[in-house]
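Here's the structure, in structure tokens; my notes come after.
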Amino acid sequence: MRLRKITLREIHMQLVAPFQTSFGKTSLRRILLLELDADGTTGWGECTAGEDPYYSYETVETAWHIIRDFLWPIVKYKEIDSAAEVWELLARVRGHNMAKAALETAIWDAEAKQKGLPLAKLLGGTRDEISSGVSIGIQPDIATLLAKVEKELAAGYQRIKIKIKPGNDVAPTRALREKFPRMRLMVDANSAYRLEDAQLLKQLDAFYLIMIEQPLGHDDIYSHAALQRQLDTPICLDECIHDIEHARAAIEIGACKIINMKLGRVGGHTPARRIHDLCQQKSVPVWCGGMLESGIGRAHNIAMSTLPNFTLPGDVSASRRYWTEDVIEPEVEVTPKGTIKVPSAPGIGYTPRLDRIESLTKRCEVLE
Ligand code: OSB
Ligand code: MG
């Protein structure tokens, strides 16, 4: 398969409701989509970099620059046997995993289409449906939060995750636990606490959460180990894990018991699968995180979530929770029992709607 051309597009999509975390609030998503031409077969990838460098240092601008000036020149016109080779080729560029993932995942989609296989099958996935949970941003007050959670549970979602930050942590979690004693509940702090907050975080043990996600520094694996020794609640790492060596270190020193996998954060399907395999060997479950993706990123997340060690519900939910109209056909839907059926069509298995994508495009660049 020869990689002949890529088209970069920046589309703007308004979220159905603003999404608030401990690091900021998002209403309008700027999304970089990558369309690849590999010998006439089209592959699609999405870059999960944000508008601002608050979750990670990457932004739409840095990703565009890195793809155009460094990543595409490495692979353009290359004849490759498999998308699995691409990660090694890109390794010379340090970091910039979200930029890498946009390109790498598009190549996987193209290879799966060329072979007439669903991407999930090509990756080695073993499920025909995946379990779906929701991530709920910080709400203006507890009553609003309770109403939101009630609605998501009624829609069938199997697990609720709420965002917390200092001053907005124990009280909302307690209120939720009192109202819904049996639901599968977790919290995500997005690095808003310090090790000195251990006593406060320890109060969360009373609510038998499935996990607490990334309470401490975004690059501080060591302190999470010190915190985990003081908590009964399992720690899950998100921001800290950018490659397999981070995962290995975190597991060995006891910094986490669960890992959140994001294609963008780790650089694509090949590194994600390697981390998945390591975690499986070490009996550490993984689940698929979300980055407020359009349907294209969402479709890649679904394919990845079919791997066997994705044993906990992910933050992969229905298109309509984010968008009035998605960019794929059909849209991602969730069944009443809180699952997403894995599509059986070749590649990502959902068709990008070019007309809609073009109408949302603010910037476009073709690279040959
Ligand atoms: O920490 O998981 C996170 C969104 C943006 C940045 C970071 C995170 C999130 C989410 C949203 O939690 C998950 C989703 O796409 O539903
Ligand atoms: Mg997170």
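Just so it is clear, none of the values below were taken in a lab; they were calculated from the coordinates. Being a predicted model, the structure only gives us computed values, none of them experimental. With ideal geometry, Cβ positions are generated from the backbone for all residues, glycine too; neighbour counts draw on all protein chains shown.
Relative to the longest principal axis of the Cα atoms of the chain, helix 142-154 runs at roughly 60 degrees. In the elastic network of the chain, a GNM with C-alpha springs shorter than 10 Å, the most mobile of Ala106, Ala120, Ala189 is Ala189.
Indicate the gyration tensor shape class of segment 121-341 (rounded, prolate or oblate), computed on the Cα atoms with a ≥ b ≥ c the square roots of the eigenvalues: a/c under 1.5 is rounded; otherwise a/b larger than b/c is prolate and the rest oblate.
Details: a/c = 1.83, a/b = 1.09, b/c = 1.68.
Taking the square roots of the gyration eigenvalues as a ≥ b ≥ c, segment 121-341 is oblate.
When the Cα positions of Leu146, Pro271, Ile296 are compared along the charge dipole of segment 121-341, Leu146 comes out farthest toward the positive end, with charges on each C-beta of Lys, Arg, Asp and Glu. Charged side chains reduced to their Cβ positions (Lys and Arg at +1, Asp and Glu at -1) give the chain a dipole of some 640 debye around its Cα centre. Of all lysines in the structure, the ones whose alpha carbon falls short of 16 Å from that of Lys257, not counting any fewer than 8 places away in one chain, are Lys282. Taking the longest Cα principal axis of the chain as reference, the axis of helix 97-115 is set at about 60 degrees. In plain terms, the chain from Tyr54 to Gln230 could stretch by 60.6 nm, reckoned as 0.36 nm per residue minus the Cα-Cα distance.
What shape does segment 246-368 take by its C-alpha gyration tensor, where a ≥ b ≥ c are the square roots of the eigenvalues and a/c under 1.5 counts as rounded, a/b above b/c as prolate, and the rest as oblate? Could the numbers behind the result be given before it?
Values: a/c = 2.35, a/b = 1.67, b/c = 1.41.
Prolate.
Listed by chain and number, the aspartates and glutamates whose C-alpha is less than 12 Å from the C-alpha of Lys25, apart from same-chain residues fewer than 8 away, are Glu51, Asp52. Angle between the Cα long axis of helix 295-304 and the longest principal axis of the chain, 0 to 90 degrees, nearest 10? Between the helix axis and the principal axis of the chain, the angle is about 80 degrees.
Can you compute the charge dipole magnitude of segment 188-265 about its Cα centre, using +1 on each Lys and Arg Cβ and -1 on each Asp and Glu Cβ, nothing else charged? Give it in debye, rounded to the nearest 20. Intermediate values should be presented prior to the final figure.
Working: 7 positive and 13 negative charges, 29 e Å.
Value, rounded to 20: 140 debye.
Here is the list for segment 37-98: trypsin sites (Lys or Arg not before Pro) lying in DSSP coil, each with at most 12 other C-beta atoms within 10 angstrom of its C-beta, are Arg92, Arg94.
Add -39500 (n - 2.57) for each DSSP H run of 4 or more in the chain, then divide by its residues: what number comes out at 222 nm, to the nearest 500 deg cm²/dmol? Roughly -9000 deg cm²/dmol at 222 nm, from the helical runs in the chain. Put +1 on the Cβ of every Lys and Arg and -1 on every Asp and Glu Cβ in the chain; which of Trp72, Leu354, Ala318 then has its Cα farthest towards the positive end of the dipole? Farthest towards the positive end: Ala318. Within the shell defined by Cβ-Cβ distances under 12 Å, the residues around Arg298 carry a net charge of -4, with Lys and Arg each +1 and Asp and Glu each -1.
For segment 317-363, a/c is not less than 1.5, where a ≥ b ≥ c are the root eigenvalues of the C-alpha gyration tensor, and a/b does not top b/c. That puts it in the oblate class. The ranking of Ile259, Ile244, Ile253, Ile340 by Cβ neighbour count inside 10 Å, starting from the fewest, reads Ile253, Ile244, Ile340, Ile259.
Would you mind telling me the antiparallel percentage of the DSSP bridges in the chain, rounded to 5?
65 percent
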